[in-house]
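See below for the structure under consideration.
The values are calculated or read from the model by the stated rules, or taken from the named source; none is laboratory data. Note that the structure is a prediction, hence the values are computed from the model and not measured. A quick note on method: Cβ atoms are made from the backbone with ideal geometry, for glycine too, and the neighbour counts reach across all protein chains shown.
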Amino acid sequence: MYTLPSSRPRPFLEPAYCKGCLRCIEACPKHCITRGTAINPATGLVPVELHLEDCNGCALCVQACPEPFGLQIDAEHAHHEGGFRLEDPTKLFGRKIVETVAAADQPGEEVPLPPCEPMVLKGTYASAIGAVLAGCRHVFGYPITPSTEGAELMAKILPQLDGTWVQAVSEVAAVNMMYGAGGAGVPAMTFTSGPGFSLMLEGISYLIGSEVPGVFVNIMRGGPGLGNIAPEQADIKLACRGLGHGNTHAIVLAPSTPQEMLDLTMAAFGLSFRYRNPVVLLGDGYHGQMTGVVRLPGFLRKPGLPAWAA
(Lines give C-alpha, C1' and ligand atoms only; values in the text may rest on other atoms or scores of the structure.)
Protein backbone atom coordinates (compact mmCIF):
# COMPACT_ATOMS: atom_id res chain seq x y z
CA MET A 1 0.00 0.00 0.00
CA TYR A 2 1.40 3.41 -1.04
CA THR A 3 0.97 6.28 1.37
CA LEU A 4 0.99 9.82 0.04
CA PRO A 5 3.63 12.01 1.64
CA SER A 6 2.21 14.33 4.23
CA SER A 7 4.08 17.22 2.63
CA ARG A 8 2.32 16.84 -0.72
CA PRO A 9 1.65 20.37 -2.01
CA ARG A 10 -1.80 21.81 -1.56
CA PRO A 11 -3.67 24.00 -4.02
CA PHE A 12 -4.06 27.71 -3.55
CA LEU A 13 -6.56 30.08 -5.12
CA GLU A 14 -6.09 33.35 -6.97
CA PRO A 15 -9.52 34.94 -6.33
CA ALA A 16 -9.14 37.43 -9.18
CA TYR A 17 -9.09 34.57 -11.71
CA CYS A 18 -11.89 32.48 -10.20
CA LYS A 19 -15.20 32.79 -12.05
CA GLY A 20 -17.16 30.64 -9.63
CA CYS A 21 -17.91 27.88 -12.16
CA LEU A 22 -17.83 25.29 -9.28
CA ARG A 23 -16.06 22.61 -11.34
CA CYS A 24 -13.43 22.28 -8.63
CA ILE A 25 -16.15 21.52 -6.06
CA GLU A 26 -17.39 18.62 -8.16
CA ALA A 27 -13.84 17.33 -8.70
CA CYS A 28 -12.69 17.35 -5.06
CA PRO A 29 -13.14 13.87 -3.45
CA LYS A 30 -12.61 15.27 0.06
CA HIS A 31 -15.15 18.11 -0.21
CA CYS A 32 -12.52 20.67 0.70
CA ILE A 33 -13.96 23.38 -1.55
CA THR A 34 -17.25 25.19 -1.01
CA ARG A 35 -19.23 27.93 -2.68
CA GLY A 36 -18.01 31.39 -1.82
CA THR A 37 -20.09 34.03 -0.09
CA ALA A 38 -18.11 37.22 -0.73
CA ILE A 39 -18.03 39.15 -4.00
CA ASN A 40 -14.55 39.89 -5.29
CA PRO A 41 -14.50 43.69 -5.82
CA ALA A 42 -12.02 43.39 -8.69
CA THR A 43 -14.20 41.09 -10.81
CA GLY A 44 -17.72 41.34 -9.42
CA LEU A 45 -17.80 37.53 -9.20
CA VAL A 46 -17.95 35.18 -6.22
CA PRO A 47 -14.86 32.94 -5.96
CA VAL A 48 -14.93 29.59 -4.21
CA GLU A 49 -13.48 29.04 -0.73
CA LEU A 50 -10.81 26.47 0.19
CA HIS A 51 -10.85 24.43 3.42
CA LEU A 52 -7.69 22.33 3.22
CA GLU A 53 -7.77 20.49 6.57
CA ASP A 54 -8.66 17.20 4.86
CA CYS A 55 -6.90 17.89 1.53
CA ASN A 56 -4.75 14.99 0.30
CA GLY A 57 -3.05 17.00 -2.45
CA CYS A 58 -4.55 15.00 -5.31
CA ALA A 59 -4.71 18.15 -7.49
CA LEU A 60 -7.94 17.03 -9.17
CA CYS A 61 -9.36 20.46 -8.47
CA VAL A 62 -6.45 22.10 -10.28
CA GLN A 63 -7.01 19.89 -13.31
CA ALA A 64 -10.73 20.69 -13.33
CA CYS A 65 -10.22 24.46 -13.18
CA PRO A 66 -10.69 26.01 -16.66
CA GLU A 67 -8.69 29.10 -15.68
CA PRO A 68 -4.90 28.63 -16.02
CA PHE A 69 -4.21 30.88 -13.03
CA GLY A 70 -7.29 30.18 -10.91
CA LEU A 71 -6.34 27.14 -8.85
CA GLN A 72 -2.63 26.37 -8.71
CA ILE A 73 -0.29 24.07 -6.84
CA ASP A 74 1.62 25.77 -4.03
CA ALA A 75 5.12 25.53 -5.51
CA GLU A 76 6.79 26.91 -2.38
CA HIS A 77 6.00 23.69 -0.48
CA ALA A 78 6.67 21.22 -3.29
CA HIS A 79 10.08 20.01 -2.00
CA HIS A 80 8.87 16.57 -1.05
CA GLU A 81 9.65 13.07 -2.14
CA GLY A 82 7.89 12.28 -5.39
CA GLY A 83 6.54 15.82 -5.65
CA PHE A 84 7.22 18.51 -8.19
CA ARG A 85 8.00 22.19 -8.34
CA LEU A 86 6.96 24.86 -10.80
CA GLU A 87 9.99 26.80 -11.95
CA ASP A 88 10.17 30.14 -13.69
CA PRO A 89 11.54 29.46 -17.22
CA THR A 90 13.76 32.53 -17.02
CA LYS A 91 15.37 31.01 -13.92
CA LEU A 92 16.22 27.82 -15.77
CA PHE A 93 17.13 29.12 -19.23
CA GLY A 94 17.75 32.83 -18.77
CA ARG A 95 15.79 35.67 -20.26
CA LYS A 96 14.67 35.05 -23.82
CA ILE A 97 16.09 37.64 -26.17
CA VAL A 98 14.10 38.30 -29.32
CA GLU A 99 15.54 40.53 -31.98
CA THR A 100 12.91 42.45 -33.91
CA VAL A 101 13.19 44.77 -36.84
CA ALA A 102 11.08 47.90 -36.70
CA ALA A 103 8.49 48.06 -39.44
CA ALA A 104 9.08 50.61 -42.17
CA ASP A 105 6.79 52.23 -44.68
CA GLN A 106 6.74 50.59 -48.08
CA PRO A 107 6.03 53.66 -50.19
CA GLY A 108 3.65 53.59 -53.10
CA GLU A 109 4.42 55.01 -56.50
CA GLU A 110 2.75 56.79 -59.36
CA VAL A 111 2.71 54.91 -62.66
CA PRO A 112 2.49 57.14 -65.76
CA LEU A 113 -0.45 56.62 -68.10
CA PRO A 114 -0.43 57.30 -71.83
CA PRO A 115 -2.52 60.26 -72.99
CA CYS A 116 -6.14 59.42 -73.76
CA GLU A 117 -9.17 61.21 -75.09
CA PRO A 118 -11.75 62.64 -72.66
CA MET A 119 -14.63 60.31 -71.85
CA VAL A 120 -18.30 60.91 -71.19
CA LEU A 121 -19.20 59.11 -67.96
CA LYS A 122 -21.95 59.09 -65.39
CA GLY A 123 -20.95 60.02 -61.87
CA THR A 124 -20.97 56.54 -60.33
CA TYR A 125 -18.73 55.23 -63.13
CA ALA A 126 -16.37 58.16 -62.71
CA SER A 127 -16.08 57.43 -59.00
CA ALA A 128 -15.36 53.74 -59.67
CA ILE A 129 -12.65 54.60 -62.19
CA GLY A 130 -11.18 57.12 -59.76
CA ALA A 131 -10.96 54.40 -57.12
CA VAL A 132 -9.15 52.07 -59.52
CA LEU A 133 -6.69 54.83 -60.44
CA ALA A 134 -6.12 55.49 -56.72
CA GLY A 135 -5.00 51.89 -56.24
CA CYS A 136 -8.17 50.43 -54.72
CA ARG A 137 -8.47 46.72 -55.44
CA HIS A 138 -10.85 45.73 -52.62
CA VAL A 139 -14.51 46.71 -52.69
CA PHE A 140 -17.14 45.42 -50.28
CA GLY A 141 -20.78 46.33 -50.47
CA TYR A 142 -24.43 45.51 -50.77
CA PRO A 143 -26.47 46.71 -53.77
CA ILE A 144 -28.75 49.67 -53.16
CA THR A 145 -30.22 52.17 -55.61
CA PRO A 146 -28.96 54.68 -56.78
CA SER A 147 -25.35 53.65 -56.08
CA THR A 148 -25.45 50.18 -57.63
CA GLU A 149 -23.90 51.05 -61.00
CA GLY A 150 -20.60 52.01 -59.41
CA ALA A 151 -20.42 48.69 -57.59
CA GLU A 152 -21.40 46.82 -60.77
CA LEU A 153 -18.57 48.42 -62.72
CA MET A 154 -16.08 47.54 -59.99
CA ALA A 155 -17.35 43.96 -60.01
CA LYS A 156 -16.47 43.77 -63.72
CA ILE A 157 -13.12 45.56 -63.53
CA LEU A 158 -11.50 44.18 -60.38
CA PRO A 159 -11.23 40.48 -61.38
CA GLN A 160 -9.12 41.59 -64.36
CA LEU A 161 -6.80 43.47 -61.99
CA ASP A 162 -6.37 40.66 -59.42
CA GLY A 163 -8.75 42.60 -57.19
CA THR A 164 -11.62 41.56 -54.96
CA TRP A 165 -15.25 42.58 -55.04
CA VAL A 166 -17.47 41.00 -52.39
CA GLN A 167 -21.23 41.34 -52.21
CA ALA A 168 -21.72 41.03 -48.47
CA VAL A 169 -24.86 39.71 -46.81
CA SER A 170 -25.64 43.21 -45.53
CA GLU A 171 -24.18 46.67 -45.14
CA VAL A 172 -23.19 45.75 -41.59
CA ALA A 173 -21.06 42.90 -42.93
CA ALA A 174 -19.62 45.10 -45.68
CA VAL A 175 -18.31 47.79 -43.34
CA ASN A 176 -16.69 45.15 -41.13
CA MET A 177 -14.99 43.63 -44.17
CA MET A 178 -13.67 47.11 -44.89
CA TYR A 179 -12.47 47.25 -41.29
CA GLY A 180 -10.38 44.12 -41.83
CA ALA A 181 -8.97 45.24 -45.16
CA GLY A 182 -8.16 48.73 -43.91
CA GLY A 183 -6.51 47.31 -40.81
CA ALA A 184 -4.19 45.35 -43.10
CA GLY A 185 -3.19 48.58 -44.83
CA VAL A 186 -5.16 47.84 -48.00
CA PRO A 187 -7.18 50.57 -49.78
CA ALA A 188 -10.84 49.54 -49.54
CA MET A 189 -14.15 51.19 -50.34
CA THR A 190 -17.89 50.71 -50.69
CA PHE A 191 -20.77 52.20 -52.64
CA THR A 192 -23.97 52.75 -50.68
CA SER A 193 -26.96 55.04 -50.17
CA GLY A 194 -29.01 56.44 -47.27
CA PRO A 195 -30.49 53.33 -45.58
CA GLY A 196 -27.31 51.33 -46.16
CA PHE A 197 -25.15 54.20 -44.92
CA SER A 198 -27.17 54.26 -41.69
CA LEU A 199 -26.43 50.57 -41.15
CA MET A 200 -22.72 51.24 -41.56
CA LEU A 201 -22.50 53.95 -38.89
CA GLU A 202 -21.44 51.67 -36.05
CA GLY A 203 -18.67 50.19 -38.18
CA ILE A 204 -17.54 53.64 -39.30
CA SER A 205 -17.30 54.66 -35.65
CA TYR A 206 -15.08 51.65 -35.00
CA LEU A 207 -12.87 52.57 -37.97
CA ILE A 208 -12.48 56.08 -36.59
CA GLY A 209 -11.72 54.78 -33.10
CA SER A 210 -9.14 52.33 -34.45
CA GLU A 211 -7.62 54.84 -36.89
CA VAL A 212 -8.34 52.60 -39.87
CA PRO A 213 -8.74 54.10 -43.37
CA GLY A 214 -11.65 53.45 -45.72
CA VAL A 215 -13.66 55.28 -48.39
CA PHE A 216 -17.47 55.41 -48.42
CA VAL A 217 -19.22 56.67 -51.56
CA ASN A 218 -22.75 57.61 -50.49
CA ILE A 219 -25.04 58.37 -53.43
CA MET A 220 -27.82 59.94 -51.40
CA ARG A 221 -31.53 59.32 -51.86
CA GLY A 222 -34.76 60.39 -50.17
CA GLY A 223 -35.88 59.33 -46.72
CA PRO A 224 -36.68 58.87 -43.91
CA GLY A 225 -36.73 55.11 -43.44
CA LEU A 226 -36.79 53.23 -46.72
CA GLY A 227 -37.83 56.51 -48.33
CA ASN A 228 -37.58 56.55 -52.10
CA ILE A 229 -34.99 56.52 -54.85
CA ALA A 230 -35.42 60.16 -55.85
CA PRO A 231 -32.29 62.34 -55.70
CA GLU A 232 -31.96 64.11 -52.38
CA GLN A 233 -29.11 65.57 -50.33
CA ALA A 234 -30.50 64.04 -47.16
CA ASP A 235 -27.37 62.67 -45.47
CA ILE A 236 -25.22 65.80 -45.28
CA LYS A 237 -26.02 66.53 -41.64
CA LEU A 238 -25.63 62.85 -40.74
CA ALA A 239 -22.20 62.60 -42.37
CA CYS A 240 -20.90 65.93 -41.07
CA ARG A 241 -22.40 66.08 -37.58
CA GLY A 242 -23.66 62.68 -36.45
CA LEU A 243 -21.39 60.01 -37.85
CA GLY A 244 -21.57 57.10 -35.41
CA HIS A 245 -21.48 57.02 -31.63
CA GLY A 246 -18.80 58.60 -29.47
CA ASN A 247 -18.73 62.08 -31.05
CA THR A 248 -16.91 60.74 -34.11
CA HIS A 249 -16.21 62.69 -37.28
CA ALA A 250 -14.92 61.67 -40.68
CA ILE A 251 -13.55 63.64 -43.61
CA VAL A 252 -16.45 64.51 -45.94
CA LEU A 253 -16.06 65.48 -49.62
CA ALA A 254 -18.90 66.75 -51.81
CA PRO A 255 -18.37 66.64 -55.60
CA SER A 256 -20.62 68.55 -57.99
CA THR A 257 -19.71 67.07 -61.40
CA PRO A 258 -18.66 63.67 -62.80
CA GLN A 259 -15.12 65.06 -63.13
CA GLU A 260 -15.10 65.88 -59.42
CA MET A 261 -16.53 62.44 -58.65
CA LEU A 262 -13.35 60.97 -60.16
CA ASP A 263 -10.93 63.54 -58.76
CA LEU A 264 -12.33 63.55 -55.22
CA THR A 265 -12.54 59.76 -55.08
CA MET A 266 -8.82 59.64 -55.84
CA ALA A 267 -8.19 62.33 -53.25
CA ALA A 268 -10.30 60.43 -50.70
CA PHE A 269 -7.88 57.51 -50.61
CA GLY A 270 -4.90 59.78 -50.08
CA LEU A 271 -6.64 61.64 -47.26
CA SER A 272 -7.86 58.42 -45.68
CA PHE A 273 -4.36 56.98 -45.39
CA ARG A 274 -2.69 60.27 -44.52
CA TYR A 275 -4.96 60.83 -41.53
CA ARG A 276 -5.90 57.19 -40.87
CA ASN A 277 -9.55 58.10 -40.91
CA PRO A 278 -12.58 57.15 -43.02
CA VAL A 279 -13.53 59.52 -45.83
CA VAL A 280 -17.13 59.93 -47.00
CA LEU A 281 -17.85 61.06 -50.55
CA LEU A 282 -21.33 62.55 -50.73
CA GLY A 283 -23.14 62.60 -54.06
CA ASP A 284 -26.84 62.38 -54.81
CA GLY A 285 -28.93 60.66 -57.45
CA TYR A 286 -28.25 63.47 -59.91
CA HIS A 287 -24.49 63.17 -59.49
CA GLY A 288 -24.68 59.40 -59.79
CA GLN A 289 -26.74 59.35 -62.98
CA MET A 290 -25.83 62.51 -64.89
CA THR A 291 -23.12 62.26 -67.52
CA GLY A 292 -20.32 64.68 -68.16
CA VAL A 293 -16.91 65.02 -69.75
CA VAL A 294 -14.25 63.34 -67.63
CA ARG A 295 -10.51 63.65 -68.24
CA LEU A 296 -8.27 61.04 -66.70
CA PRO A 297 -5.09 62.04 -64.88
CA GLY A 298 -1.74 61.20 -66.39
CA PHE A 299 -0.96 58.55 -63.76
CA LEU A 300 -2.36 55.83 -61.56
CA ARG A 301 -1.24 55.07 -58.04
CA LYS A 302 0.36 51.81 -57.01
CA PRO A 303 -0.31 51.63 -53.26
CA GLY A 304 2.40 50.77 -50.79
CA LEU A 305 2.09 49.38 -47.27
CA PRO A 306 2.19 51.68 -44.25
CA ALA A 307 4.44 50.72 -41.35
CA TRP A 308 1.52 50.60 -38.90
CA ALA A 309 -0.03 47.76 -40.91
CA ALA A 310 3.16 45.76 -41.51
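A few points about this structure:
- Looking across segment 246-283, the residues that are assigned to a loop (DSSP other than H, G, I, E, B) and hydrophobic (A, V, I, L, M, F, W, C) come down to ALA250, ALA254.
- Residue in segment 164-171 that is among the aromatic types (Phe, Trp, Tyr) and either closer than 22 Å to LEU121 by Cβ or not in a helix (DSSP H, G or I) (or both) present: yes
- Out of ALA151, ALA131, ALA181, ALA188, sole residue that is touching a Cys at 6+ places or on another chain (Cβ under 8 Å), surrounded by 18 or more Cβ atoms within 10 Å (Cβ to Cβ) and touching a residue at least 40 places away in the same chain (Cβ under 8 Å): ALA188
- Within segment 44-85, considering residues that are in contact with a Ser or Thr (Cβ under 9 Å, 6 or more places away or on another chain) and outside any loop (DSSP other than H, G, I, E, B), the one modelled with the lowest pLDDT: HIS77
- Note on segment 212-245: residues that are in a loop (DSSP other than H, G, I, E, B) and of a type in the set (Val, Ile, Thr) amount to 2.
- Residue match in segment 232-248 (condition: free of Cβ contacts under 8 Å to residues at least 40 places away in the same chain and among the aliphatic types (A, V, I, L, M)): no
- One residue from PRO143, PRO159, PRO115 being in a helix (DSSP H, G or I) and out of contact with any Phe, Trp or Tyr (no Cβ under 6 Å at 6 or more places or on another chain): PRO159
- Figure legend. Inter-residue proximity from segment 292-310: first residues within 17 Å of ALA188 (Cα to Cα), second residues assigned to a strand (DSSP E or B), beta-carbon distance below 7 Å, spacing 6+ or different chains. Indicated pairs: LEU300/VAL111; ARG301/GLU110; LYS302/GLU109; LYS302/VAL111; GLY304/GLN106; LEU305/GLN106.
- Filter result for the condition that a residue is in contact with a helix residue (DSSP H, G or I) (Cβ under 8 Å, 6 or more places away or on another chain) and not assigned by TED's automatic domain parsing to the domain that holds ALA230, over ALA168, ALA131, ALA184, ALA104: ALA104
- Output for segment 200-221, where each listed residue is among the small types (Gly, Ala, Ser) and crowded, with 18+ Cβ neighbours inside 10 Å: GLY203, SER205, GLY214
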